[in-house]
Amino acid sequence: MAAINQDNRGLRLIVRYAVLTLIAIIFIFPVLFMVMSSFKPNLQLLRDTSSLRAFLPVGDISLDNYYDAFRRAPIGLFVFNSVLVTGVTVLLSLFFCSLAAFSFVYLNWKGRDLALTIIIATLIIPFETIAIPLLLFVSKLPWIGLEGIEIGWLDSYHVQIIPWIADGLTVFLFVQYFKDLPGELIEACRVEGASWWQIYVKVVMPLSGPVIATAAILKFLVMYNQYLWPLIVVQQETYRPVLVGLQYFFQLNITWGEIMAYLTIVTIPVLAIYLVLQRAFIASIASTGVKG
Amino acid sequence: MASKLTTSNRAGWAFALPGFGLILLFIVIPFFFAFYLSLTNQRLVSPNPTEYVGFSNYEKLLSISVLTIEPEVDTAGVVLRDDAGEAQYPRVRSFTRNNPDFPQYDGMREWFRWHWGGTAKVVVATDVVFWKSLRNTLMFVLVVAPVQAALALGLALLVNQKLRGINIYRAIYFMPVVVSIVVVSLLFRFIYDGNDGLLNNILSFLTFGLFEGRDWLGSPDTALGAIKAMSIWQAVGFHMVIWLSGLQTISPTLYEASSIEGASKWQTFRYVTWPGLRNTAVLVIIVITMQAFALFAQIDVMTNGGPLDSTTTLVFQAVERGYGKQDISGAAAISVVLFLIVLSISMLQRYITRAR
Amino acid sequence: MKLGTTLGAALVASVSWASMAAAQTELSLWYHGAGNEAESTALQLIIDDFNASQSDYTVVVESFPQESYNDSVVAAALAGNLPDILDVDGPVMPNWAWAGYLQPLDINEGVIENFLDGPKGYWGGELYSIGFWDAAIAMMSRQSTLDALGLRTPTIDSPWTGDEFMAALDAAKASGDYDFALDLGMPWTGEWYPYAFSPFLQSFGGDIVDRSSYATAEGALNGDAAMAFGNWWQSLFADGYAPGTSQDPADRDTGFIDGKYAFSWNGNWAALGALEAHDDVLFLPAPDFGNGSYIGAASWQFGVAATSENAEGASAFIEFALQDNYLANFSNVTGLIPATSTAAAMTDNYAEGGALEVFFGLSEAQALVRPVTPGYVVFAKVFEKALADIANGADVADTLDAAADEINADIEANSGYGH
C-alpha cells in the first residue's frame, strides 16, 4: 500500500511539473526571441521569424549587435538614468502611498471618504490625456537649483520623478491590503499607548511584505517603461531614459538585431528587481500567522 | 474598521496629505485643465487665439442619428434589385453631402445599417471613428477583463504550490510583463503575419496542412481578436502577482482546518481561498478594467487602428488627434468622455457589489 | 582679510573669465540624427570647422532620435524652450513657421541659386529653411526581371504609362515567380504614405488639397481624377498585385532582395543595400498616369528659431554649412542626394557614372514638394488613413469624401491656416 501511495505521489508530482513547464513554454518565448535574435545578423533574423528557428541560437551567431549597439547609443547612461529615476520614485512612492493608505484605512478624519474617492477616480485617467496640461504646468514651476531659484522643471531628473511619486493604483493596492490586516492588533497597540507613527513603522509595515513587493514591481515597471513624459520634458541626452533611447535604433534601415541587443541589456535590471522582490512574497504575512 | 476608532483629524490629514497632495497637483489639476481645454478650440500648434466654444467638441463627437432610406424604384414603382436579388438603395452620401433637404444629416457618415420593413435603417454619425473606437474599447474590456482575471488567478494558484523550483516558474510566467509591450507587439506582428507567419505555420503543421493561412492582423474579422489574445497573454503575469500577494494574506491555519475536516480541493477554494481574496478580487478587476480601457501601445505598434477602424480605441484616438492631428481640444473631449464612461461603470460595479 | 582678498581675486577672475566666455556666444543646434553615427560625424565636422573659422560663436549640438524629433520640438516650443538653430522636415516647416517657431532665414540668396527645389523651404514668399540634401524614390526592379517579363526599360523622358505599368504588374503576376508583383512599403506607417503615394494621386490629376487656394480639398481629393486614383489604388490590393497594410515589416526590408517582389517602390536610402545583393538592380522613374510623373521632394532642412537672440550667428552658421564640400561629405556618409549638381560631382555615388546618379536625375526631373501649408501635418494623417482604408476595401467614394470633409473642417478650425 505504502509503495503504491508513493508511486501515486511521484506521478502526481510529474504531472504537476509537466503542466507548469508546458505553461512556461507559452510564456518564455518573447524573451527567447529577444535574446536569440540579439545574436543574429539582420537578414537571418528576419528570415528566421517565420519558423521556430526564431527561438534557437542557430546560424551565424555573434556579439556584433552588442558591439554596434554600444557604438550607436550611450546605453550605460540611459540605463543609469532609468534606474536612478525609477529607484528614487519607487522608494518615495512606497512611503507616501502606504502612509496615505494607512490613514485611509485606520484613521477616521473629516473628508476621508471624499479624498479616497478622488484618488480612486484618478485611476481612470490615462496619462496620455493629461500629458500636455502637465507639461505646461511643470514648465512654470519654480525649483531651487545650484544657481538659485529657477523657473521651469524641464531637463532634469526631478521633473521625471516628482509628478510620478503618488498614484492612485499604489494607494489603492495598500488600502486593499491593509483592510485584510487584523484590526484587533492595531487597536491593541493603540490601547497600549503606541502613536500612529509607531504603529505604521513597527506594526503595519513589517506585516506588508507581499504588498510592498507587489507595489514596488508594478511601479518599477511603469517607471522603467516611461516614454511619452521624458520625451516631452527632457531635451538633453544627459537625462534621457531607456525607452527614449530605444528610438536611437529606429533609423531608415533598421537593424533589428541591434534593437534586440539593446532591449536585452535594458531588460536585465527589471528581471533582477523582480527576482529580488520575489523573495518578499515568501517572507509573507501567512508565515507569521497573525491573521485571524 | 476605522469607524470603531475615534476621530483623529490631525494625524489623518498629516499622513494622507503628502500622497494626496501630489495626486491633486499632478493628476487631478491637469485633468481639470484638460476638461477646460475640451470646451475651447485649443490647437497643439497654432498662432491663433484660443476661444471658448462651449460643448461643440462634444456635439461633434456624439452626434448620432438614424436615417431611413427607401429602396430605389424604377418608373413603374418596382423596387430595383441587383443580380443577387437584393434591393438597391441610394447611396448614403446622397443624403449627407450637400443635400439641402436633409440639413440634419449634413457631414454624417454611415456607421452600420439594418433592414426593416422594406427600408434600410442607417445609423449615421458625425464622428463614426469615435463610435467605432468606443465599441472596440468596450468589446476589448468585456473579453479581456474577465478572462485575464480568471487566468491570472489560475496561474497564481498554480505557482502558490509548495514545490521545489516554483520560483523559476513564477519568474517565467512574469516574463512577458518584464519585456516592454513595444517589443511584444513587434514580435506578434511577425507571429501573426499572413504570409508565412509563425502562427499560420504552426496551425498548418498541427492540422497536417488542412489549415489555410490567415492574415490575422490584416482582416477586420480577426484583428481585434488577435490583439485581445496577445494582450491577455502579455499582462496575465502582472495580475498573477497581485493575486499571489492576496493569497499570502490567507492564514495557513485555515487551510489546515479545512484539510482536517476533509474538505475537497474545490470546497477549500470555495470556502477558504475565495472569501479571503475578496479585497484582492476587487483590486484586480478594477486594475484590469482600467488598463483595458487605456489600450493604446499594442494598437499603435501593430495596426494603427486598422484595418477599417476595426482595432481603433478611445485612447488611440485621443493620442492620434491630440498629437498627430494637433487637435488638443478634440482629444481632451475624448478623454473626458472616457473618464465619465469608466466612472459610471465603476459606480455601477460598486452599486451591484453593495446590493449583495 | 586675506580670505577676503583671495575671494575678491577669485571673483574678479571668474567675472573676467565669464565675460570672455560671453564674447563667444553659444548657439544651440537641435538635430534629428541621434543614433546615426555617420550623420552625427558629418554634422560635427561642419560645426568644428565653423567654430574654428570665427571667434564670435560656438555651435553646440543636441541630437534627438528622428522618430520622436517633431514631438520633442513641439513640446519644447509649448514650454518655451527652443534652441537657436533647428532642423525641420521640409513638409512640416510651414506649420512651424506659421506657429511662430521659426523666423525667416537671412542668408545670401546667391548661395542657394543652384540648389535643387526640394531642399529650399519657402513659406509666405520667404525662405525659412534650407537643406543639404534631398531624398528620392524610384521603382526598383532588376534588368533580369524586365528581360524575363519582356518589358521595355522606362526612362525619365519616356516613363511607363499607367497602362504599361499595369501590364508590367500583370506580367509579373502571371509569371508566378513572385509572392507579389509590387511592394509598396505598406507597413511604413506615418509620413511614408503621403510622401510615397500622393505623387501617384498627382499623376492622376488629383491632389491632397487644392493648391491654388489651400482653402479646400473638395474636388482635389474626391474629384474624378482622385476617384480614378482611388479605384486604381484599391485594385492593387483587391487583385493581389501588392501586399496590404499587414505586410510583414521584415518582408519590406528583405523581400525585394530575396526575390519575393518584382518591383519595389522604395527610397534611395535602400538603394545601396539592393545593389550589394544584386548587381543588375534598376531604379526606374515613377509611371505617368496621365498627368506627368512625380515623386515626393523635400527632406530635412535647417532653420532659425523665432525665439533665438542670435539670429545673425545662426544664419551665418547655416550659410557656412552650405558649401559644396560639406554637402558632398554628407551625401557620401548618408547616401542621400546632395542639394547641388556641383556637390554631386564631388560625391562617390552621384558623380557621373556613380551607382546612384540616376536618383539625382529623378529628383531634378520629377520631384514635387508636398502641399506647402501649415495644415499639411494634419492632411498627411487624413490622407494616410484614407489610403489604408481604401487598400483594406473601404468604399472609395465614401472614403475620399470623408477625407475631404475632414481636411476642410480642419482648415476651417484653423481659420484658413494663414493663406
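The values are calculated or read from the model by the stated rules, or taken from the named source; none is laboratory data. What you see is a predicted model, and the numbers here were worked out from it, not measured in a lab. Note: ideal-geometry Cβ built from the backbone for every residue, glycine included; neighbour counts use all protein chains shown. Note: accessible area is taken over every heavy atom of the protein model, side chains too, but ligands, DNA and RNA are not part of it. Shrake-Rupley method; radii C 1.70, N 1.55, O 1.52, S 1.80 Å.
Observations on the model:
- Just one of the listed residues (C:Arg252, C:Arg211) is closer than 30 Å to B:Asn98 by Cα and within 24 Å of the chain's Cα centre (by Cα), and it is C:Arg211.
- Unique residue being in contact (Cβ under 8 Å) with a residue 12 or more places away in the chain and closer than 28 Å to A:Asn225 by Cβ when the list is B:Gln298, B:Gln248: B:Gln298
- Unmet requirement for B:Thr96, which otherwise passes all of (1) touching a Gly at 6+ places or on another chain (Cβ under 7 Å); (2) under 30 Å from A:Asp180 (Cβ atoms): (2)
- Residue in region C:208-221 that is in contact with a helix residue (DSSP H, G or I) (Cβ under 8 Å, 6 or more places away or on another chain) and more than 30 Å from C:Pro94 (Cβ to Cβ) present: no
- When A:Ile28 is tested against (1) open to solvent by less than 50 Å² (accessible area, probe 1.4 Å); (2) assigned to a helix (DSSP H, G or I); (3) more than 9 Å from every other protein chain (Cβ to nearest Cβ), exactly one condition is not met: (3).
- Complete set of residues in region B:256-305 that are of a type in the set (Phe, Trp, Tyr) and assigned to a helix (DSSP H, G or I): B:Trp266, B:Phe269, B:Tyr271, B:Trp274, B:Phe293
- Residue match in region B:93-102 (condition: farther than 30 Å from B:Ala331 by Cβ and within 14 Å of chain C (Cβ to nearest Cβ)): yes
- Selection count where residues are more than 7 Å from every other protein chain (Cβ to nearest Cβ) and either open to solvent by 20 Å² or more (accessible area, probe 1.4 Å) or over 22 Å from C:Gly33 (Cβ atoms) (or both), scope region A:255-274: 8
- One residue from C:Asp258, C:Asp251, C:Asp279 being assigned by TED's automatic domain parsing to the domain that holds C:Ala380, closer than 27 Å to B:Tyr192 by Cβ and without any contact (Cβ under 8 Å) to a residue 60 or more places away in the chain: C:Asp258
- None of B:Thr222, B:Thr207 is in the same structural domain as B:Val144 (by TED's automatic domain parsing) and either farther than 20 Å from B:Ala297 by Cα or of a type in the set (Asp, Glu) (or both) except B:Thr207.
- Filter result (open to solvent by less than 10 Å² (accessible area, probe 1.4 Å) and either under 18 Å from B:Tyr169 (Cβ atoms) or outside the structural domain of B:Asp309 (by TED's automatic domain parsing) (or both)) within region B:246-266: B:Leu247
- Complete set of residues in region C:379-394 that are under 14 Å from C:Asn222 (Cα atoms) and either β-branched (Val, Ile, Thr) or modelled with pLDDT under 95 (or both): C:Val382, C:Ile390
- Looking across region C:220-240, the residues that are under 23 Å from C:Asp170 (Cβ atoms) and open to solvent by less than 20 Å² (accessible area, probe 1.4 Å) come down to C:Phe229, C:Gly230, C:Trp233, C:Leu236.
- Qualifying residue in region A:134-149 (condition: in contact (Cβ under 8 Å) with a residue 24 or more places away in the chain, of a type in the set (Phe, Trp, Tyr) and farther than 30 Å from B:Val336 by Cα): no
- Any hit, region B:84-92, residues being crowded, with 18+ Cβ neighbours inside 10 Å, at the interface with another protein chain (Cβ under 9 Å from one of its Cβ atoms) and under 29 Å from B:His115 (Cβ atoms): yes
- Of all residues in region C:381-404, those being assigned to a helix (DSSP H, G or I), touching a residue at least 24 places away in the same chain (Cβ under 8 Å) and either charged (D, E, K, R) or facing chain B (nearest Cβ under 9 Å) (or both) number 6.
- Restricted to region C:334-367, and to residues there that are surrounded by fewer than 20 Cβ atoms within 10 Å (Cβ to Cβ), among the aliphatic types (A, V, I, L, M) and more than 17 Å from the chain's Cα centre (by Cα), the residue that is nearest to C:Met140 (Cα to Cα) is C:Ala355.
- Within region B:190-214, the set of residues being in a helix (DSSP H, G or I), facing another protein chain (nearest Cβ under 7 Å) and either at pLDDT 85 or above or over 26 Å from the mean Cα position of the chain (by Cα) (or both) comprises B:Leu198, B:Asn201.
- If you check C:Val111, C:Val74, C:Val61 for being in contact with a Leu (Cβ under 6 Å, 6 or more places away or on another chain), surrounded by fewer than 24 Cβ atoms within 10 Å (Cβ to Cβ), aliphatic (A, V, I, L, M) and without any contact (Cβ under 8 Å) to a residue 40 or more places away in the chain, only one passes: C:Val61.
- Residue count for region A:90-142, restricted to those that are within 7 Å of another protein chain (Cβ to nearest Cβ), surrounded by fewer than 20 Cβ atoms within 10 Å (Cβ to Cβ) and of a type in the set (Val, Ile, Thr): 1
- Of the residues making up region B:157-210, those that are among the charged types (D, E, K, R) and in contact (Cβ under 8 Å) with a residue 40 or more places away in the chain number 2.
- Number of the exception - B:Ile285 against (1) β-branched (Val, Ile, Thr); (2) facing another protein chain (nearest Cβ under 9 Å); (3) in contact (Cβ under 8 Å) with a residue 12 or more places away in the chain: (2)
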